[in-house]
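Structure first, commentary second.
The values are calculated or read from the model by the stated rules, or taken from the named source; none is laboratory data. These numbers were taken from a predicted model, which means no experiment stands behind them. Every residue, glycine among them, receives a Cβ derived from its backbone with ideal geometry; neighbour counts consider all protein chains shown.
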Amino acid sequence: MLPLTALALTQAQLLAFLRQRVCEGKVAAIRVGDPLYLGLLGYLLTRRTGTTFAIRINGDNDQSFANTGRPAYPRLFRWRFVEKQIERFVLPRADLVVAPTNEYLRYALDNGAKSESTALVEFGGLINPTHFLSPETRKSVRSELGLGSGPLLVSVTRLEPVKYPQDLIRVLALVHQSRSDVTCVIAGDGSLRDELVALARELGVNDNLYLVGNKRQDWLASLLSDADVVLAPMLGRALVEASLSATP
């Protein structure tokens, strides 16, 4: 079976499954986290179920492309001009487009979102309640990871070009020059995982790097409290969560 045919078949099966769940659960609205793959899926699903279609903008794909020269989903769409066509198709068809910053809102409007269907909802409304717990009451995860008492650098991020995760490895290598007992824990996953492992090995800090993948919010809240420094190359919600952990 040709790859594109297999992809189309699996997506049709996924759409049918989601449609059944939406109908059985009497879902009134569907919210997706980006105007690209999830945007297309959400649009098709709402067309088949008659539900309200909402999009939350989680980044400025235009600015990210200007900075990196890479599309947001290089393995799926390959070229930025393809993504632009999708964004300009999906965004005008959303019943509601929500952005956490004015910059993200401008990106949505520039790509076809209707001004009367947009809203600015800052990051505070999206933060899990566990991050509001006092840092002193959170359970440490250092022992779970087998970490010593050395400096702990932490980042919670997607391992994608738009988040500049390579900078985290370079910072780790820089600190390692003066503190060989430093550790960097990165929570999150993405297409650059193997590249980050290779870079850490090249810079001689692979034993100091922990890529723990996606974790529950209560676990992340504990990790942020354990950290000595939180690294955030691309500012966002994780930086707000870090401030609630009283971590610089």
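Okay, residues lined up against (1) within 21 Å of Gly50 (Cα to Cα); (2) assigned to a strand (DSSP E or B):
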site	(1), (2)
Ala66	no, no
Arg78	no, no
Val82	no, no
Gln85	no, no
Phe89	yes, no
Val97	yes, yes
Tyr107	no, no
Ala113	yes, no
Glu116	yes, no
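The set of residues in region 213-241 that are free of Cβ contacts under 8 Å to residues at least 24 places away in the same chain and surrounded by 14 or more Cβ atoms within 10 Å (Cβ to Cβ) contains only Leu239.
Yes/no per residue for (1) surrounded by fewer than 17 Cβ atoms within 10 Å (Cβ to Cβ); (2) out of contact with any strand residue (DSSP E or B) (no Cβ under 9 Å at 6 or more places or on another chain); (3) among the basic types (Lys, Arg); (4) at pLDDT below 95:
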position: Ser149; (1), (2), (3), (4): yes, yes, no, yes
position: Ile169; (1), (2), (3), (4): no, no, no, no
position: Ile186; (1), (2), (3), (4): no, no, no, no
position: Glu202; (1), (2), (3), (4): yes, yes, no, no
position: Leu209; (1), (2), (3), (4): no, no, no, no
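If you check every pair at least six apart or on different chains, which have Cβ atoms under 8 Å apart with a residue in region 126-141 that is part of a loop (DSSP other than H, G, I, E, B) first and a residue that is β-branched (Val, Ile, Thr) second? Final answer for the pair search is Ile127/Val240. A count restricted to region 119-140 and to residues that are modelled with pLDDT of 85 or more, surrounded by fewer than 19 Cβ atoms within 10 Å (Cβ to Cβ) and not small (Gly, Ala, Ser) stands at 10.
Is it true that some residue in region 106-114 is closer than 26 Å to Gly236 by Cα and polar (S, T, N, Q)? Yes - at least one qualifying residue is present in region 106-114.
Is it true that some residue in region 166-174 is assigned to a helix (DSSP H, G or I) and under 24 Å from Ala99 (Cα atoms)?
Step one: of region 166-174, the residues assigned to a helix (DSSP H, G or I) are 166-174.
Checking the rest, the ones that are also under 24 Å from Ala99 (Cα atoms) come to none.
No, region 166-174 contains no residue that is assigned to a helix (DSSP H, G or I) and under 24 Å from Ala99 (Cα atoms).
The residues of region 22-36 that are surrounded by 18 or more Cβ atoms within 10 Å (Cβ to Cβ) and part of a helix (DSSP H, G or I) amount to a single one, Val22. Among the residues of region 61-72, those identified as of a type outside the set (S, T, N, Q) and surrounded by fewer than 21 Cβ atoms within 10 Å (Cβ to Cβ) are Asp62, Phe65, Ala66, Gly69, Arg70. Out of Ser191, Ser180, one residue alone is on the phi < 0 side of the Ramachandran plot, outside any helix (DSSP H, G or I), among the hydroxyl-bearing types (Ser, Thr, Tyr) and in contact (Cβ under 8 Å) with a residue 60 or more places away in the chain. It is Ser191.
The residues of region 151-167 that are over 16 Å from the mean Cα position of the chain (by Cα) and surrounded by fewer than 20 Cβ atoms within 10 Å (Cβ to Cβ), listed by number, are Pro151, Asp167.
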